[in-house]
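Heads up, the thing below is written out as structure tokens.
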Amino acid sequence: MPFALPAARRNQKLPLKPLALLVLQALACSAQAADGAAPEAEPVAAAMLVVEVTGTGQSRQVQNVTRADLQQAVPGTSPLKTLEKLPGVSFQSADPFGAYEWSTRFSIRGFNQNQLGFTLDDIPLGDMSYGNNNGLHVSRAVSSENIGRVAVSQGAGALGTASTSNLGGTVQFVTLGPANERALTAAQTFGSDDTSRTFIRADSGLLASGTKFFVSGTRMRTEKWKGDGPQDQDQFNSRVEQQLGDHTLSAFFNYSDRNEVDYQDLSLESTRRLGYDWDNYAPDWQRAVNAAKRIYSGAVNNMDDAYYLGRGLRKDKLGGVALELNLGQGVTAKVSGYHHGNEGQGHWYTPYTPSSAAVPISIRTTEYTINRNGMLADVSWDVAGHTLSAGFWGERSKHVLTRNFYAVTDGAYIDHMLTNPMSTGFRQNFVTDTRQFYLQDTVTLLDGRLKVNAGFKSPKVEIDADTLVGDRAAGTITAKKSFLPQAGLSWKLAGEDEVFASASKNMRAFQPGVSGPFSQTQAGYNLTVGALKPETSTTYDLGVRFKRDAVQGSVAVYYADFKDRQLGVATCVGIMGCAGTIVNVGKVETRGLEALAVWKLMPSVAWFNSFTYNDSTYKSDYTDNGKVIAIAGKQVVDAPEKMFNTELAYDNAQWFARLGAKYTDKRYYTYLNDAGVPSYWLANLSAGYKLKSFASLRELTLQVNVSNLFDKRYYSTVGSNGFSVSDPAGTSTTLMAAAPRQVFFTLSGKL
């Protein structure tokens, strides 16, 4: 039965028709009544640049994903997923949208997600890891429809980037600002697994007062592709801009309420025994109870093959205000302030802690609150061939992390924050103060053909941890560097070709929360804290950009020296939540090559290709409980050595289509490289028809998206429950299966 709801959700009040569909239906009926037939749209030239190599003049490898890429993805797709076509970028997720946070894995040149920096309109998003302590995932920060472009710096981000985790590059998301013309935009998506997504945005247009603003609402409802449970989200976004002479005042407020039911983690062995479609027991409560009593059925043979249910609940409020000043004499400045509030719970039905003698299962929660406030200030001065820039970023983040256990009596569906626990495993309070200053000079020489930049930043991050319940570590730890330099050049050759080179040093600060030094016991922390140093990397880039009438692209080689790598060693299965161990495992070396080219084969056809060769290897053994772990020379976990992406795009201003495929090499999930997942090819298709106008409607578009076009079965996420030293039997439950083929239809338009 298409679009049928599971029993657990049939009592929820859902509108008979999503609002966006009603709006478009009403507008279409009105247009037909007035005109009788749809006029033909006037043909216009198609903009076929799939990826713009917009790093022109910059000394780093920088590329943009444009609005066209974002629009032709499945609505609701994480903008991170649209970046996977770029060289150096690996993205994995167990859902077709790339928005299921437990499974999301994003890496650049072998540096994983928590070693990268992310911002939205310059506001820091932290490292966007699951259970984040200093930010939030971009899929909660803003609706994908409201993102205008995404800039990726694969090597080193700009000195002014508000991040203390960007060892291996930065990703900067830019909001699609308020339009100058008044408009109402609506889009409705239906598709596989009862997916329904409604998006409505109202733009005021530029008013006589110099004000313009937009407000938008998004409602996403979808079921998991296997097992039982929804992955739902409601969002509100708004932004206002006010012109004040030569200055601009802007403010925004975004809200997100996300409820996602988890997929069961797999192992190589359990997949062979139970299949890729194996999932949690819900809604079969009795089978979960039996398994907790070690009474197994079917092919199940252990308690960790499945649990009853897992779930993530997140509510976020993100807002800010910014003043951009044009002070004359070549001086510009920008001052911003922001606030982020978060409340979250992760539910996991655990058979390791009973609710009572009669019920061998309880709900184990990880509970989060974040309250962070910050400001950024930047000033730039153009004088005598120099561009001098300086800036400051300061933030105080208060983060509370709690592990609670709640009694249950049955498998009744619970989709709200729980209160009144039966016991508390631990409760920690963290206050993190961040201060970062930067200074840079860019010199323009040889009539603008040569640009040389040099500068430095000085970060300092202090964490004060207080343990209120349990034996997790408390204390104070500081990561700081007075001088982290960055230098580079870009040199224009003939035409629009140029050579670029850069060198930079970065530091990743220690992290509070579930994966940092304070996730250890107090005894473990006392033993290891003396040897802990903040992770640092030194990165070198050398490359060339080229642009002709029919082709544009870049080729770059790079080297990264990564020191004082922090390794979290798990001491039990993930659901038990045991305190781990943090050890310094020394160096990682990365060297590689990236190539990108876009050919415009004809005015309406473009062919995009990118290739990555990345060699990331551990250079040091380490000792764990007196035992030497010989990982020197082994490949870094979850770091494919080779990736290749190809995409053919067609757009004649009415019909459009994109057919893309990506190859991802083998990935290891053990430090000794004795277990991993095989390489795979994955193809996706999008196509549609658009009209420039249809009576009073504009940009009316019907689009179809097919993800995993050839229904490939493969492992997406590796390391969902962390990485292990060795797994020769393939029993580590730290893998996730990717979604099979999914189909989505979207109708959108403007009034």
Is it the case that the range 244-258 has a residue that's modelled with pLDDT under 95, assigned to a loop (DSSP other than H, G, I, E, B) and surrounded by fewer than 21 Cβ atoms within 10 Å (Cβ to Cβ)?
yes
Residue within the range 261-277 that is part of a strand (DSSP E or B) and under 22 Å from Gln742 (Cα atoms) present
yes
Can you name the residue in the range 518-551 that is surrounded by 20 or more Cβ atoms within 10 Å (Cβ to Cβ) and over 30 Å from Ile477 (Cα atoms) and, of all such residues, is nearest to the chain's Cα centre (by Cα)?
Asp541
Collect the residues in the range 421-456 that are touching a Gly at 6+ places or on another chain (Cβ under 6 Å) and either free of Cβ contacts under 8 Å to residues at least 24 places away in the same chain or within 20 Å of Asn506 (Cβ to Cβ) (or both), keeping them in residue-number order.
Arg435, Tyr438, Leu439, Gln440, Asn453
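Hey, among the residues in the range 371-405 that are of a type in the set (Phe, Trp, Tyr) and over 19 Å from Val514 (Cβ atoms), which one's surrounded by the most Cβ atoms within 10 Å (Cβ to Cβ)?
Trp393
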Could you give every pair whose Cβ atoms fall below 7 Å, whose first residue belongs to the range 659-678 and is within 23 Å of Ala630 (Cα to Cα), and whose second residue is among the basic types (Lys, Arg) and assigned to a strand (DSSP E or B), counting only separations of at least 6 or pairs across chains?
Gly676/Arg667; Val677/Arg667
For residues that are touching an Asp or Glu at 6+ places or on another chain (Cβ under 7 Å) and over 21 Å from Asp95 (Cα atoms), tally how many sit in the range 675-726.
5
Kindly indicate whether Thr104 is surrounded by fewer than 22 Cβ atoms within 10 Å (Cβ to Cβ) and of a type in the set (Ser, Thr, Tyr).
no
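So, restricting to strands (runs of 3 or more DSSP E) that lie completely within the range 122-239, which ones have at least 2 residues that are over 30 Å from Phe430 (Cα atoms) and more than 21 Å from the chain's Cα centre (by Cα)?
Filter on the range 122-239 gives 183-191, 195-203, 211-221.
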Could you list all residues from the range 445-461 that are crowded, with 17+ Cβ neighbours inside 10 Å and touching a Leu at 6+ places or on another chain (Cβ under 8 Å)?
Lys451, Asn453, Gly455, Phe456, Lys457, Pro459
What's the number of the condition Glu367 fails, among (1) within 27 Å of the chain's Cα centre (by Cα); (2) in contact (Cβ under 8 Å) with a residue 60 or more places away in the chain; (3) surrounded by 15 or more Cβ atoms within 10 Å (Cβ to Cβ); (4) under 29 Å from Tyr281 (Cα atoms)?
(2)
Is there any pair with a first residue in the range 485-505 that is without any contact (Cβ under 8 Å) to a residue 60 or more places away in the chain and a second that is assigned to a loop (DSSP other than H, G, I, E, B) and aliphatic (A, V, I, L, M) whose Cβ atoms are under 8 Å apart and which are 6 or more apart or on different chains, and what are they?
Val499/Leu493
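Would you please name the residue that is surrounded by the most Cβ atoms within 10 Å (Cβ to Cβ), looking only at residues in the range 682-715 that are basic (Lys, Arg) and part of a strand (DSSP E or B)?
Looking at residues that are basic (Lys, Arg) and part of a strand (DSSP E or B), I get Lys690.
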Tell me whether the range 404-426 contains one or more residues that are over 30 Å from Pro283 (Cβ atoms) and either charged (D, E, K, R) or outside any strand (DSSP E or B) (or both).
no
What number of residues in the range 610-622 are among the acidic types (Asp, Glu) and either within 29 Å of the chain's Cα centre (by Cα) or in a strand (DSSP E or B) (or both)?
1
Some residue of the range 214-228 being among the aromatic types (Phe, Trp, Tyr), over 30 Å from Leu327 (Cβ atoms), in contact with an Asp or Glu (Cβ under 6 Å, 6 or more places away or on another chain) and at pLDDT 95 or above
yes
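For every residue, the table says whether it meets (1) touching a Lys or Arg at 6+ places or on another chain (Cβ under 8 Å); (2) not β-branched (Val, Ile, Thr).
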| site | (1), (2) |
| --- | --- |
| Gly320 | no, yes |
| Val331 | no, no |
| Gly344 | yes, yes |
| Ser380 | no, yes |
| Val383 | no, no |
| Ala390 | no, yes |
Is there a residue in the range 293-309 that is surrounded by fewer than 21 Cβ atoms within 10 Å (Cβ to Cβ), under 24 Å from Asn259 (Cα atoms), touching a residue at least 60 places away in the same chain (Cβ under 8 Å) and touching a strand residue (DSSP E or B) at 6+ places or on another chain (Cβ under 9 Å)?
no
Positions within the range 623-669 being of a type outside the set (S, T, N, Q), touching a Lys or Arg at 6+ places or on another chain (Cβ under 9 Å), closer than 22 Å to Gly722 by Cα and part of a strand (DSSP E or B), in sequence order:
Tyr668
Of the listed residues (Ala158, Ala179, Ala162), the one being in contact with a Gly (Cβ under 9 Å, 6 or more places away or on another chain), surrounded by 19 or more Cβ atoms within 10 Å (Cβ to Cβ) and of a type in the set (A, V, I, L, M) is Ala162
Could you list, ordered by first residue, the pairs with Cβ atoms under 9 Å in which the first is in the range 508-533 and without any contact (Cβ under 8 Å) to a residue 12 or more places away in the chain and farther than 17 Å from Asn112 by Cβ and the second is of a type in the set (Ser, Thr, Tyr) and not in a helix (DSSP H, G or I), at least 6 apart or interchain?
Leu527/Thr581
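The values are calculated or read from the model by the stated rules, or taken from the named source; none is laboratory data. The structure presented is a predicted model; accordingly, all values stated were derived computationally and were not measured. Cβ: placed from backbone, ideal geometry, glycine included. Neighbour counts: every protein chain shown.
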